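Student: Sharing a structure with you now.
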Amino acid sequence: NRQIVLNSRPVGAPTPADFRLIESAIPTPAAGEILLRTTYLSLDPYMRGRMSDAPSYAPPVALNDVMVGGTIARVAASNNPQFKVGDLVLSYSGWQDYAISNGEGVNILPADMAQPSMALGVLGMPGFTAYMGLLDIGQPKAGDTVVVAAASGAVGAIVGQIAKLKGCRVIGIAGGKDKCDYVTNELGFDLCIDRKDPDFAAQLAAACPTGIDVYFESVGGAVFDAVLPLLNVGARIPVCGLIAHYNDQQLPAGPDRLGLLMGTLLKKRIKMQGFIIFDDYGHRYGEFFSAMSQWLSEGKIKFKEDLVQGLENAPEAFMGLLEGKNFGKLIVRVEQ
Ligand code: NDP
């Protein structure tokens with residue numbers, strides 16, 4: 001059983017030395033337990049937070065413990081009457097080939113699911129995050145200008161497509177030409193601006209001649225700086241993530257722009273609200289699942305997976321996620 005454990009807490013960006021691959025015998029389930037064989041492992045930005053022991057909404061991974069993560073797995077042995085060998089499940093097994101579970105929080109997926117990895121992306125946590133953040137906090141109305149950060153990624157791609165379904169004008173922000181082309185040509189956003197272009201702020205302003213009504217924030221940093229002066233009176237900002245800051249070790253050097261931010265929120269009566277998807281909206285998963293399943297069956301929502309082969313490549317892929325090297329929902333195929 002191969003496991004990737006947290007070897008050390010990163011200082012700034014994670015490095016390969018922060019992870020360690022260990023091997024041990026495949027564990028045996030006790031009474032009431034099941035043995036899960038990981039098929040797919042989801043890699044998500046929140047894992048950077050779990051590597052740190054700074055206070056957060058969830059406890060950190062302990063040093064030498066297996067890295068946490070959502071997984072698709074097969075039941076390989078069962079001493080629990082709720083599961084049978086061969087069941088396909090959505091679990092939280094982490095970065096390892098095999099895991100033992102008492103079945104709590106393990107959900108059986110339809111055996112005939114065409115693409116089970118969808119339960120880690122468009123039909124799972126990232127899709128749910130996009131749906132709730134945009135619709136409940138963003139409150140988009142037809143004709144609104146909606147700006148979406150990290151627009152080609154797991155969450156952003158879905159945010160923009162739902163906003164289009166609601167009749168909005170949608171501007172994506174992504175890193176590089178290929179991602180921007182995908183966002184407009186494949187996902188159907190109206191425009192996409194490359195955040196790496198030196199002229200980025202001016203291009204964003206030109207793309208939003210009537211200002212921004214909803215800004216879906218996943219990034220922070222220079223992207224938010226460009227968005228702030230464009231916000232309209234009554235704008236809504238779902239604060240979903242701040243990936244540009246996850247490796248920060250201290251506050252950036254001045255000037256202090258807190259007054260500018262607070263003044264803008266005040267004068268323009270802007271609603272800016274953070275959320276943690278399952279803590280705040282777990283009870284509405286069913287509503288999301290039905291809506292998304294319907295849109296998918298009608299071909300109204302597209303999605304892209306960035307599939308990495310082999311558990312041993314998870315650390316490198318995760319480090320790349322924090323630098324924008326992924327293109328689509330990042331997933332590791334663990335069982336070859
Ligand atoms: P993505 O698939 O969007 O991948 C992350 C993307 O972030 C990269 O591809 C890159 O896109 C962008 N990025 C990385 N580093 C930087 C940087 N320094 N500056 C600007 N952009 C950067 O990830 P997800 O869709 O899974 O997650 C998106 C955001 O949503 C994250 O902030 C995550 O933490 C948050 N999230 C929050 C949840 C909640 O409950 N609040 C739940 C799920 C996700 P590009 O190259 O295009 O710039």
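Student: Check the stretch 87-94 and report whether any residue there is open to solvent by less than 10 Å² (accessible area, probe 1.4 Å), under 19 Å from D44 (Cα atoms) and within 16 Å of the ligand (Cβ to nearest atom).
Tutor: No: the stretch 87-94 contains no residue that is open to solvent by less than 10 Å² (accessible area, probe 1.4 Å), under 19 Å from D44 (Cα atoms) and within 16 Å of the ligand (Cβ to nearest atom).
Student: When residues of the stretch 219-248 are filtered for being more than 16 Å from the chain's Cα centre (by Cα), within 17 Å of D44 (Cβ to Cβ) and open to solvent by less than 20 Å² (accessible area, probe 1.4 Å), how many remain?
Tutor: Selection size over the stretch 219-248: 0.
Student: Would you tally the residues in the stretch 262-288 being open to solvent by 90 Å² or more (accessible area, probe 1.4 Å) and of a type outside the set (K, R)?
Tutor: Qualifying residue count, the stretch 262-288: 5.
Student: Here is a list: F216, F189. Which entry is assigned to a loop (DSSP other than H, G, I, E, B) and surrounded by 18 or more Cβ atoms within 10 Å (Cβ to Cβ)?
Tutor: F189
Student: Note down all Cβ pairs under 7 Å where the first residue falls in the stretch 217-228 and is closer than 20 Å to M132 by Cβ, the second is more than 7 Å from the ligand (Cβ to nearest atom) and of a type in the set (V, I, T), and they're at least six residues apart or on different chains.
Tutor: Hits for this filter: E217/I237; E217/V239.
Student: Take the conditions touching a helix residue (DSSP H, G or I) at 6+ places or on another chain (Cβ under 6 Å), in a loop (DSSP other than H, G, I, E, B) and open to solvent by 20 Å² or more (accessible area, probe 1.4 Å) and apply them to A142. Does it pass?
Tutor: Spelling it out, it is not the case that A142 is touching a helix residue (DSSP H, G or I) at 6+ places or on another chain (Cβ under 6 Å), in a loop (DSSP other than H, G, I, E, B) and open to solvent by 20 Å² or more (accessible area, probe 1.4 Å).
Student: Looking only at residues in the stretch 113-139 that are more than 15 Å from the ligand (Cβ to nearest atom) and within 17 Å of S293 (Cβ to Cβ), which one is surrounded by the most Cβ atoms within 10 Å (Cβ to Cβ)?
Tutor: P116
Student: Next question, about the same structure. So which pairs qualify, if the first residue must be in the stretch 30-50 and within 16 Å of the ligand (Cβ to nearest atom), the second must be among the basic types (K, R), the Cβ gap must be under 7 Å, and the two must be at least 6 apart or on different chains?
Tutor: Close Cβ pairs (under 7 Å, with a partner that is among the basic types (K, R)) amount to Y40/R333.
Student: Next up: State yes or no: is G220 within 16 Å of the ligand (Cβ to nearest atom), at positive phi and assigned by TED's automatic domain parsing to the domain that holds A157?
Tutor: Taking the combined requirement at face value, the residue satisfies it.
Student: So T71 ticks every box in (1) without any contact (Cβ under 8 Å) to a residue 60 or more places away in the chain; (2) open to solvent by less than 20 Å² (accessible area, probe 1.4 Å) but one. Which box is left unticked?
Tutor: T71 satisfies every listed condition except (1).
The values are calculated or read from the model by the stated rules, or taken from the named source; none is laboratory data. Predicted model, so just to flag it, every value in this text is computed and none were measured. Every residue, glycine as well, gets a Cβ built from its backbone with ideal geometry; the counts of neighbours run over all protein chains shown. SASA here: full protein model, heavy atoms, side chains in, ligands and nucleic acids out. Shrake-Rupley method; radii C 1.70, N 1.55, O 1.52, S 1.80 Å.
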